[in-house]
Amino acid sequence: MSRQVEQRIQELRRQLHDHGHRYYVLDAPLLSDGEYDLLFQELVELEAGHPELISEDSPTHRVGGAPLAGFETVEHLVPMLSLDNVFSAEGMGEFEDKVRRYLRLEGEISYVTEPKLDGLAVELVYQQGRLVTGSTRGDGIVGEDITLQLKTVASIPLRLQSGPEPAWPEQLIVRGEVFLPKQGFKELNEQRLEEGLPLFANPRNAAAGSLRQLDSRVTAARPLDFFVYSMSVSEPLGCGGQLELLESLARLGFPVNPLVRGCAGLEQVVAQYERLEQLRHGLDYEIDGMVIKVDRLELQQRLGATARAPRWAVAWKFPAIQATTTIEQVEFQVGRTGVVTPVAWLEPVLVDGAQVRRATLHNQDEIGRKDLRIHDTVLIQRAGDVIPEVVKVVVEKRNGREEAIVFPERCPACETPLEQLEGEVAIRCLNVFCPAQKLQRLIYFAGKNGLDIDGLGKKSVEQLVGVGLVEEIADFFYLEAKQLAGLEGWGEKSAQALLEALERARQPRLDIFIRALGIRHVGEVTASLLAARFADLSALLAADQQQLLDIEGIGFRAAASLEQFLHSPEFARSLSRLEAAGVAIQAVRQQQQALSGRVFLFTGRLEQLSRNEAKELVKAQGGQVVSGLSKRVTDLVAGDKAGSKREKAAAQGIAILSEEGFLELFQS
Ligand code: IVH
């Protein structure tokens, strides 16, 4: 019995290691999450019943263990150094000059470039292919033992993979970066916000905080990830260069960053830097530059290191996305749905190549949590297209002149008392006629998420509302060239272009139109659901709340909000004016979902169209096509020489359609 259990445990561990590697490292799983969980659970239960068979490298150890009293220290066999920085292509040139002088080398130098991951450096020691120790960098000589915490990081191998040949050396020491992906960071902070805990300033701090948890179960709950980038001593794998070394590590089961590139010479290094800079904001983890390493390990050895950093590698940093500046004033802006957002006016500062003058402070809770005050020196951040935000106060810079930020009690646009709805952090103006909300709704209606009318950007809409030409959505369609041409910044050409854009916008699709209205709780998905369910706008207007609630995916909040909006006298007036201006809302192909829920099987030869065309027709109407007879089939389409399927289907009571009958389904 116990022998069998032992074998099963071994087998389960082997399978779970293998599938874990496929899932977390190769991103190519063979099992579904459910199947993986079943195997995992079986192993947990077997190990619980047989404590004598528990092993340190079992995948079950990824869930964390009992809290530690403190961290032990670990001495690094070889010091973990830092990197020197450069900030430009010239800086890179100087780096190469130094390398050449040191090596007295003239020919081209080949490099490996790697994203500079913005996380925490860790060292992992494997003995006989098993992870035995994991540690932080610490001061470079001595780090902290965080083995238990690192074991919870799913992409760190607990055991090395072996191919047909046993490939690992007795002892293997690798280094790499542990980091928290942007999405995980966002979710973690959202959760902390809800629980009233202080927020992490950036993914790196969050990763550090997660790894330095004495209770490794907390670490296990954070979706940390890992990429390997070097070895403590590289001889054991017998590689000639860094690129080859990373390939060997990948074969042993380590995740290697997919953006690692070999570069023949500086020109390619510069091109790769520019490429990474472009890719940077689209990656799901943060990078703060590119690391350039002389590829040949023999040259690396000859170059050696200073006390601080190796001479064979350098970090080329991206321009900072954070900067410090001061808050000069705080303005309160009213959004489309009435939410009042505090926005800080800053002393202008250059961040990631752009002047930043304003940053969102999100809401009142965030102001309190970060303890922000007017005249505070603050760290701000701007990444990609995201609105700049205040990360934290530089408390050391306070001098007593700071003033509290006072949230207004009344709407700054319409004076209506502001309210905080239960369960919300947002503070709102609930007056739907509030001019500020109306303006934002008009901007939204014409903008990218609405009808997307060229020439009606935020500024133009503000102007048109400002001079009184536009008050509600229908007004856009009554604009005339001579009215526009007289306005500041407009000419005949731009006026004409806008009228043409408005002409093109006169037949909006129903889903796009609904979304453009900017109704609270009614986003893109809800708008599509509605457009798929209702043939046209009047059918939607005739629907009562229950009919809305009957649609899968539409909840009470959306239904109530729709009901209120669609049946307001203001909307009725807009609609009739839109209609009078020739705006015709287009139904989303009337019977698009006409066949949803029906499952078709074809048999025999079709005369008027091919099998494939017939299948496409069915799918376009939301139906399904299968290739075998089963209980799920609702319709059998029998062509010429249909054969036995026809009889079987008839016996099962399945509807039988001739080709003609089938085609009739598609005639409206
Ligand atoms: S190589 C001795 N490669 O940057 C060579 N480091 O400023 C040092 N880092 O502490 C490491 N991505 O945490 C290397 N692809 C990469 C890296 C990388 C991020 C970090 C690492 C190190 C710091 C040095």
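The values are calculated or read from the model by the stated rules, or taken from the named source; none is laboratory data. Note that the structure is a prediction, hence the values are computed from the model and not measured. Don't worry about glycine lacking a Cβ; one is built from the backbone with ideal geometry, like all the others, and counts go over all protein chains shown.
Residue by residue through segment 275-289, note down the ones that are in contact with a helix residue (DSSP H, G or I) (Cβ under 8 Å, 6 or more places away or on another chain) and buried (at least 20 other Cβ atoms within 10 Å of the Cβ).
Those that are in contact with a helix residue (DSSP H, G or I) (Cβ under 8 Å, 6 or more places away or on another chain) and buried (at least 20 other Cβ atoms within 10 Å of the Cβ): TYR285, GLU286, ILE287.
I'm trying to understand the selection: among the residues of segment 65-85, which are out of contact with any Asp or Glu (no Cβ under 7 Å at 6 or more places or on another chain) and in a loop (DSSP other than H, G, I, E, B)?
Listed by number, the residues that qualify are GLY65, ALA66, LEU68, ALA69, GLY70, LEU77, VAL78, PRO79, LEU81, SER82, LEU83, ASP84.
Residues are listed down the side, and each one gets a yes or a no for (1) at pLDDT 95 or above; (2) in a helix (DSSP H, G or I); (3) surrounded by 18 or more Cβ atoms within 10 Å (Cβ to Cβ); (4) of a type in the set (Ser, Thr, Tyr):
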{"position": "PRO408", "(1), (2), (3), (4)": "yes, no, no, no"}
{"position": "LEU430", "(1), (2), (3), (4)": "no, no, no, no"}
{"position": "GLN440", "(1), (2), (3), (4)": "yes, yes, yes, no"}
{"position": "LYS448", "(1), (2), (3), (4)": "no, no, no, no"}
{"position": "PHE476", "(1), (2), (3), (4)": "yes, yes, yes, no"}
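How many residues are surrounded by fewer than 20 Cβ atoms within 10 Å (Cβ to Cβ) and away from the ligand (no atom under 12 Å from the Cβ) when one looks only at segment 249-259?
Selection size over segment 249-259: 3.
I'd like to know if segment 59-81 contains one or more residues that are exposed (fewer than 15 other Cβ atoms within 10 Å of the Cβ), under 30 Å from GLN300 (Cα atoms) and among the charged types (D, E, K, R).
The answer is yes, given that some residue of segment 59-81 is exposed (fewer than 15 other Cβ atoms within 10 Å of the Cβ), under 30 Å from GLN300 (Cα atoms) and among the charged types (D, E, K, R).
Return the only residue of VAL356, VAL391, VAL386 being at pLDDT 90 or above and either β-branched (Val, Ile, Thr) or at positive phi (or both).
VAL356
Can you run down the residue pairs with Cβ atoms below 6 Å, 6 or more apart or on separate chains, where the first is in segment 638-665 and at pLDDT 85 or above and the partner is of a type in the set (Ser, Thr, Tyr)?
Between residues of segment 638-665 that are at pLDDT 85 or above and residues that are of a type in the set (Ser, Thr, Tyr), the close pairs are ALA638/THR603.
If GLU267 passes every condition in (1) farther than 19 Å from HIS21 by Cβ; (2) away from the ligand (no atom under 12 Å from the Cβ); (3) touching a residue at least 12 places away in the same chain (Cβ under 8 Å) but one, which one does it miss?
For GLU267, the failing item is (3).
Take the residues in segment 532-555 that are hydrophobic (A, V, I, L, M, F, W, C) and at pLDDT 90 or above; name whichever of them is nearest to the chain's Cα centre (by Cα).
Applying the filter and picking the extreme gives LEU548.
For segment 350-372, does any single residue satisfy the condition of being more than 27 Å from the chain's Cα centre (by Cα), more than 16 Å from the ligand (Cβ to nearest atom) and crowded, with 17+ Cβ neighbours inside 10 Å? Even if it seems obvious, please write down each step before you answer.
Residues of segment 350-372 that are more than 27 Å from the chain's Cα centre (by Cα), as a first pass: 368, 371-372.
Applying the additional criterion that residues be more than 16 Å from the ligand (Cβ to nearest atom) yields 368, 371-372.
Filter once more, keeping what is crowded, with 17+ Cβ neighbours inside 10 Å: 372.
Yes: segment 350-372 contains one or more residues that are more than 27 Å from the chain's Cα centre (by Cα), more than 16 Å from the ligand (Cβ to nearest atom) and crowded, with 17+ Cβ neighbours inside 10 Å.
Can you find a residue that is on the phi < 0 side of the Ramachandran plot and at pLDDT below 90 anywhere in segment 88-103? Please lay out each step first, then the result.
Step one: list which residues in segment 88-103 are on the phi < 0 side of the Ramachandran plot, which gives 88-103.
Filter once more, so that each one left must be at pLDDT below 90: none.
Scanning segment 88-103, I find no residue that is on the phi < 0 side of the Ramachandran plot and at pLDDT below 90, so the answer is no.
Do we have GLN272 as away from the ligand (no atom under 12 Å from the Cβ), buried (at least 20 other Cβ atoms within 10 Å of the Cβ) and either free of Cβ contacts under 8 Å to residues at least 12 places away in the same chain or of a type in the set (S, T, N, Q) (or both) here?
yes
Given the conditions (1) surrounded by fewer than 17 Cβ atoms within 10 Å (Cβ to Cβ); (2) within 14 Å of the ligand (Cβ to nearest atom); (3) over 22 Å from the mean Cα position of the chain (by Cα), which single one is not true for MET231?
(1)
Among ALA650, ALA614, which is part of a helix (DSSP H, G or I), surrounded by fewer than 17 Cβ atoms within 10 Å (Cβ to Cβ), in contact with a strand residue (DSSP E or B) (Cβ under 8 Å, 6 or more places away or on another chain) and of a type in the set (A, V, I, L, M)? Even if it seems obvious, please write down each step before you answer.
Values: ALA614 fails: surrounded by fewer than 17 Cβ atoms within 10 Å (Cβ to Cβ).
The unique qualifying residue is ALA650.
Can you tell me which residues in segment 114-143 are small (Gly, Ala, Ser), assigned to a strand (DSSP E or B) and either modelled with pLDDT under 95 or within 14 Å of the ligand (Cβ to nearest atom) (or both)?
Matches in segment 114-143: ALA121, SER135, GLY143.
Report, ordered by the first and then the second residue, all pairs with beta carbons closer than 6 Å, sequence separation of six or more or different chains, a first member in segment 103-123 that is farther than 24 Å from GLU247 by Cβ, and a second member that is within 7 Å of the ligand (Cβ to nearest atom) and not in a loop (DSSP other than H, G, I, E, B).
Filtered contacts from segment 103-123: no entries.
I'd like the residue in segment 144-163 that is outside any loop (DSSP other than H, G, I, E, B) and touching a residue at least 60 places away in the same chain (Cβ under 8 Å) and, out of all such residues, is farthest from ASN205 (Cα to Cα).
My answer is ARG159.
Out of the residues in segment 507-518 that are buried (at least 22 other Cβ atoms within 10 Å of the Cβ) and over 11 Å from LEU451 (Cβ atoms), state the one that is modelled with the lowest pLDDT.
That would be GLY518.
Select from segment 345-390 the residues that are of a type in the set (Val, Ile, Thr) and out of contact with any Pro (no Cβ under 9 Å at 6 or more places or on another chain) and list them in ascending order.
VAL349, ILE374, THR377, VAL378, VAL386, ILE387, VAL390
Just to be sure before I move on: is PHE200 in a helix (DSSP H, G or I), closer than 29 Å to GLU72 by Cβ, more than 16 Å from the ligand (Cβ to nearest atom) and out of contact with any Leu (no Cβ under 6 Å at 6 or more places or on another chain) in the structure I sent?
So PHE200 fails the test.
Please state which of the following conditions GLY91 fails to meet, knowing it meets all the rest: (1) surrounded by 16 or more Cβ atoms within 10 Å (Cβ to Cβ); (2) under 36 Å from the mean Cα position of the chain (by Cα).
In the conditions (1) surrounded by 16 or more Cβ atoms within 10 Å (Cβ to Cβ); (2) under 36 Å from the mean Cα position of the chain (by Cα), GLY91 misses (1) alone.
Of the numbered conditions (1) at negative phi; (2) at pLDDT 95 or above, GLN420 fails exactly one; give the number of that condition.
(2)
Closer than 17 Å to ILE405 by Cβ, modelled with pLDDT of 90 or more and surrounded by fewer than 19 Cβ atoms within 10 Å (Cβ to Cβ): does that describe GLN329? Don't jump to the end; show me each part of the working.
On the way: closer than 17 Å to ILE405 by Cβ: yes; modelled with pLDDT of 90 or more: yes; surrounded by fewer than 19 Cβ atoms within 10 Å (Cβ to Cβ): yes.
Spelling it out, GLN329 is indeed closer than 17 Å to ILE405 by Cβ, modelled with pLDDT of 90 or more and surrounded by fewer than 19 Cβ atoms within 10 Å (Cβ to Cβ).
State whether one or more residues within segment 156-169 are buried (at least 22 other Cβ atoms within 10 Å of the Cβ), within 31 Å of the chain's Cα centre (by Cα) and within 16 Å of the ligand (Cβ to nearest atom).
Within segment 156-169, one or more residues are buried (at least 22 other Cβ atoms within 10 Å of the Cβ), within 31 Å of the chain's Cα centre (by Cα) and within 16 Å of the ligand (Cβ to nearest atom).
Just name the residue that is surrounded by the most Cβ atoms within 10 Å (Cβ to Cβ) out of those in segment 304-324 that are more than 30 Å from the chain's Cα centre (by Cα) and in contact (Cβ under 8 Å) with a residue 60 or more places away in the chain.
Within segment 304-324, the first condition is being more than 30 Å from the chain's Cα centre (by Cα), and the residues that meet it are 304-313.
When the remaining residues are screened for being in contact (Cβ under 8 Å) with a residue 60 or more places away in the chain, the result is 305, 308-313.
Numbers: ALA305: 14, ARG308: 11, ALA309: 15, PRO310: 18, ARG311: 19, TRP312: 25, ALA313: 22.
In this case the residue turns out to be TRP312.
Being of a type in the set (Val, Ile, Thr), more than 26 Å from the chain's Cα centre (by Cα), under 30 Å from TYR273 (Cα atoms) and away from the ligand (no atom under 16 Å from the Cβ), is that true of even one residue in segment 325-343?
yes
Is it fair to say VAL314 is of a type outside the set (Lys, Arg), away from the ligand (no atom under 16 Å from the Cβ) and modelled with pLDDT of 90 or more?
No: the conditions fail for VAL314.
In segment 80-102, which residues are touching a residue at least 40 places away in the same chain (Cβ under 8 Å), away from the ligand (no atom under 16 Å from the Cβ) and acidic (Asp, Glu)?
Residue satisfying the conditions is GLU96 alone.
Taking segment 653-668 as the region of interest, how many residues are hydrophobic (A, V, I, L, M, F, W, C) and in a helix (DSSP H, G or I)?
Within segment 653-668, residues that are hydrophobic (A, V, I, L, M, F, W, C) and in a helix (DSSP H, G or I) number 2.
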